[in-house]
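Worksheet: one structure, shown below.
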Ligand SMILES: [Zn+2]
């Protein structure tokens with residue numbers, strides 16, 4: 001488990017042949033899940049919006065640096081946190097929310113879900129929900145699996161618990177976890193950026209991180225191009241209407257599109273997950 005923890009979330013992807021290799025885990029493929037709204041890779045829009053996401057934290061040194069930079073550029077972002085680090089650094093998760101960012105669930109121990117039983121999968125998700133609740137009084141509604149690995153069981157589990165599974169734009173996988181060079185990270189983000197992109201970065205990288213240095217270039221440049229940095233839940237408000245209809249008309253009682261910001265802010269003093277029946281599953 002410790003070895004797994006050391007792997008950045010995208011590190012696991014490196015073991016797969018390509019982004020499209022996800023289809024091996026789940027043969028239905030991207031289009032199927034995207035049309036049903038069960039997995040979000042990005043939210044194409046004419047509006048100049050970008051959702052920066054940071055996985056695998058919180059981290060005692062990198063997370064505060066990133067928070068300071070985001071503040072400087074009035075940027076909102078989404079942090080997919082690992083539960084056992086939330087338990088260790090609850091103050092950092094509180095700081096993320098206090099600054100208007102969003103917190104998503106990235107499992108408790110960062111295992112590859114490929115190697116986890118259904119029961120343990122639920123524990124990974126539920127214990128992270130509890131850790132964030134204990135730290136902040138709120139529960140996430142977004143979920144991102146380690147390494148982006150999913151199959152039908154993961155999709156169904158997340159759907160049943162009325163969470164939204166979120167991955168990232170395939171053109172915005174920065175590989176920052178591998179420290180490929182600041183220029184590589186910067187170029188990856190800036191070269192093909194489009195409205196509605198979801199950018200994958202990490203606020204925990206074993207050893208030193210190039211992410212902060214890259215952000216010092218990316219943030220002002222995208223701002224110069226009039227991009228606005230929003231949370232994933234704000235970006236989800238720009239989802240095409242046909243996706244919503246498809247979900248609403250589905251025969252398998254699909255969940256409503258979650259509104260993580262509204263739900264999490266309304267969750268103070270409540271227990272939205274037990275209301276949604278997580279404990280009964
Ligand atoms: Zn990860």
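The values are calculated or read from the model by the stated rules, or taken from the named source; none is laboratory data. This is a predicted model, so every value here is computed, not measured. Note: ideal-geometry Cβ built from the backbone for every residue, glycine included; neighbour counts use all protein chains shown.
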Legend entry - Restricting region 119-168 to residues that are in a loop (DSSP other than H, G, I, E, B) and within 16 Å of the ligand (Cβ to nearest atom), the residue that is nearest to residue 50 (Cα to Cα): 168
Inset, instruction - Report, ordered by the first and then the second residue, all pairs with beta carbons closer than 6 Å, sequence separation of six or more or different chains, a first member in region 44-68 that is under 17 Å from residue 83 (Cα atoms), and a second member that is at pLDDT 95 or above and part of a helix (DSSP H, G or I). - result: 57/63; 58/85; 58/92; 58/93; 63/92
Legend entry - The listed residue being more than 24 Å from residue 198 (Cα to Cα) and without any contact (Cβ under 8 Å) to a residue 24 or more places away in the chain, out of 135, 115, 87: 115
Inset, instruction - Return the total of residues in region 89-111 being surrounded by fewer than 24 Cβ atoms within 10 Å (Cβ to Cβ) and either closer than 18 Å to residue 137 by Cβ or at pLDDT below 95 (or both). - result: 11
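Which one of 196, 250 is at pLDDT 95 or above and either more than 22 Å from the chain's Cα centre (by Cα) or on the phi > 0 side of the Ramachandran plot (or both)?
196
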Inset, instruction - Sort out for me the helices (runs of 4 or more DSSP H) sitting completely within region 9-53 that have 1 or more residues that are modelled with pLDDT under 95 and under 22 Å from residue 219 (Cβ atoms). - result: 9-13
Inset, instruction - Report whether or not residue 2 is in contact with a strand residue (DSSP E or B) (Cβ under 6 Å, 6 or more places away or on another chain) and either at pLDDT below 95 or within 16 Å of the ligand (Cβ to nearest atom) (or both). - result: no
Inset, instruction - Give the residue, chosen from 188, 114, that is at pLDDT below 95, within 21 Å of residue 41 (Cβ to Cβ) and either within 16 Å of the ligand (Cβ to nearest atom) or out of contact with any helix residue (DSSP H, G or I) (no Cβ under 6 Å at 6 or more places or on another chain) (or both). - result: 114
